[in-house]
1. Quick one: compute the contact order of the stretch 217-492, relative version, from alpha carbon pairs under 8 angstrom and 6+ residues apart, as a percent.
2. Quick one: P(r) of the stretch 217-492 from all Cα-Cα pairs, 5 Å bins, percents rounded to integers, in order of increasing distance.
3. With angles folded into 0 to 90 degrees, how steeply does helix 156-180 sit against the dominant principal axis of the chain? Use alpha carbons for both and round to 10.
4. Could you tell me how many degrees, from 0 to 90 and to the nearest 10, lie between the Cα long axis of helix 183-210 and the main elongation axis, the longest principal axis, of the Cα atoms of the chain?
5. Pairing the Cα long axis of helix 32-42 with the longest principal axis of the chain, what angle in degrees results, from 0 to 90 and rounded to the nearest 10?
6. Between residue 66 and residue 23, how many nm apart are label points set 7 Å from Cα along the C-beta direction?
7. Once you have all Cα-Cα distances for the stretch 394-530, histogram them in 5 Å bins from zero and send the whole-percent values.
8. Where the eigenvalues come from the Cα gyration tensor of the stretch 29-101, what are the semi-axes √(5λ) of the equivalent ellipsoid, largest first, in whole Å?
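No lab work stands behind these numbers, since they all come straight from the coordinates. Here the structure is a predicted model, which means the values were calculated and not measured. When we count neighbours, we look across all protein chains shown, and the Cβ atoms used for this are built from the backbone with ideal geometry, even at glycine.
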């Protein structure tokens, strides 16, 4: 019963630390009760020790996942249940691996393995087809972003490393006190943990105090049409949307406005890719450009490309019938009067809603059960490169679509390709007025710090925002508000250490985790000289 209470405590500490309602200092001791419960089980004489550890870990991580991501239910019950149950299990299995190593190695090696394998797990969640990095530990500082200005050097994995190191230090002090029962141990542990927390925060404030934003700026206007995705979005024609965007643009667009941004899939009728120039989206874009010749208009659009050539069939192609296929796109486009329309197709897809993971394995087992989980009934087609949109003034922006903004190293690809600022277009109303859209907004602040790029964020239904290079929210347009906001966006040409080297912490962790695991579990004999 004590072990179960420890597991429950860890789960609630993890949840209560999470943005946007939480107190992030709790994250620095959230793993300690679970680690102590595992230590007690490991050193007991009870049966089924591995099963006990797995069960305790699952309790902790289930509570964490449930409280922080319950809002997925508003989009899809099955998707929410799958994400919460399976992600909790994956986390528990990672913790079970730590238990296996801890039984066969010393404290230093086992805790180093825990830190490494957890980072490896988070890295896996960024790249595989069941990708769900929403609860990667480094995201916990999204609200208190001034604590982690050094993300420009480490990325969010620096936050994960920091959190786990402090938890391990506190756990070590707890074990030492348990053995020797000396108050001095507790005081030394408290002081050490406080320094481990305070020094990086102090360093962060020094960085932000001395950081100077770029001096070059342009004027941007963000549109928020506030279309209900369940009742209106797919019932409002592109013609009506175009008229609404024209009306909203009149509020703030002037002759000096460089870019006007509308949200993800705001044009949702389904435009044939080869006929984009004849679409309502292109028609209303040209009307805007006739009124404001210097303007660049960036917006989201739903597109498809139907064909009968079997040579064009790819992994993400949808089949209608014999010799009849189509590619379905969640896209961004930009138009101005100096160049042809520019297109980008969303490439980090929401599992189950836009992507059927591991089709070759799961489709024969499940059929099409996972395809319709959020109103979308087709696999989305992606593209390989991170395209940037070139404005008519010589600068470039990154057309980041919704879920893509959660991926740190992924976003750096736009910057390496020349993006001077980031544009995020999204539709966050699927989850009602819950923590979902608030967390999504605040995660974007971490991308600003990692890349030192200002962000223009247009959301269909809240929260649209301007974010500066330090991750500060400059202006916002609240949830369910209809309107537009105008602001100046800084233009950066430099590359941060993280942009250049990406998730190097995770790459080191992969090597270290493998080495420590093999060292712990593979038996070997020492050669002894006779």
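1. 21
2. For the stretch 217-492, the pair-distance distribution reads 1, 6, 13, 18, 20, 17, 13, 7, 4, 2, 0, 0.
3. So the helix axis and the longest Cα principal axis differ by about 20 degrees.
4. Helix 183-210 sits at roughly 20 degrees to that axis.
5. Long axis of 32-42 versus the principal axis of the chain: about 50 degrees.
6. According to this spin-label approximation, the distance is 2.3 nm.
7. Percent of pairs per bin, in order: 2, 10, 17, 18, 14, 10, 7, 5, 4, 4, 3, 2, 2, 1, 1, 0, 0.
8. Computed over the stretch 29-101, the values are 27, 12, 9 Å.
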